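For reference, the structure is listed below as C-alpha cells.
The values are calculated or read from the model by the stated rules, or taken from the named source; none is laboratory data. Quick caveat, the model's predicted, so the values are computed rather than measured. Note that we place each Cβ from the backbone using ideal geometry, even for glycine, and neighbour counts take in every protein chain shown.
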Amino acid sequence: MVGPKIVELRRRAGLTQEGLAREAGLPAVTVWRLESGHYKQGAVRTLQAIAKALSKRLGVPEWAILATLMDDSESPQVLTPGG
C-alpha cells in the first residue's frame, strides 16, 4: 500500500497533508485518501505530482521517490540526498 510510504516521506519533508497537497497541486482529500488507505494505489499522475513535491523538499530525485511509492514493499527505502 502506498499510504504509509506517503505518510513517512511527507513527515520527513516536514509537510502536513494540506501542505503536500498544495505543493503537489492536488486536493487535500486526495492526499488524505491515499494516506488513510481509501485508495490502495494512486493514479500515476497523482503519484508523480506527490513525488515532484517531495523531491523538492527532500533533495532526492523525483524518479527515486516515484519508484519508492510504486514499489510493493512495505516501507520506503528512500533516500538521502545523493543516495
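Consider residue 60 carefully, then state whether it is part of a loop (DSSP other than H, G, I, E, B) and free of Cβ contacts under 8 Å to residues at least 40 places away in the same chain.
Details: part of a loop (DSSP other than H, G, I, E, B): yes; free of Cβ contacts under 8 Å to residues at least 40 places away in the same chain: yes.
Taking the combined requirement at face value, the residue satisfies it.
Based on what the data block shows, is residue 19 more than 19 Å from residue 60 (Cα to Cα) and either out of contact with any helix residue (DSSP H, G or I) (no Cβ under 9 Å at 6 or more places or on another chain) or of a type in the set (Gly, Ala, Ser) (or both)?
no
With respect to the conditions (1) part of a helix (DSSP H, G or I); (2) surrounded by fewer than 17 Cβ atoms within 10 Å (Cβ to Cβ); (3) modelled with pLDDT of 95 or more, residue 14 falls short on a single one, namely (1).
Among the residues of the range 33-46, not a single one is in contact with an Asp or Glu (Cβ under 8 Å, 6 or more places away or on another chain) and either assigned to a helix (DSSP H, G or I) or aromatic (Phe, Trp, Tyr) (or both). Determine whether residue 79 is more than 16 Å from residue 3 (Cα to Cα), of a type in the set (A, V, I, L, M, F, W, C) and at pLDDT below 90. It is true that residue 79 is more than 16 Å from residue 3 (Cα to Cα), of a type in the set (A, V, I, L, M, F, W, C) and at pLDDT below 90.
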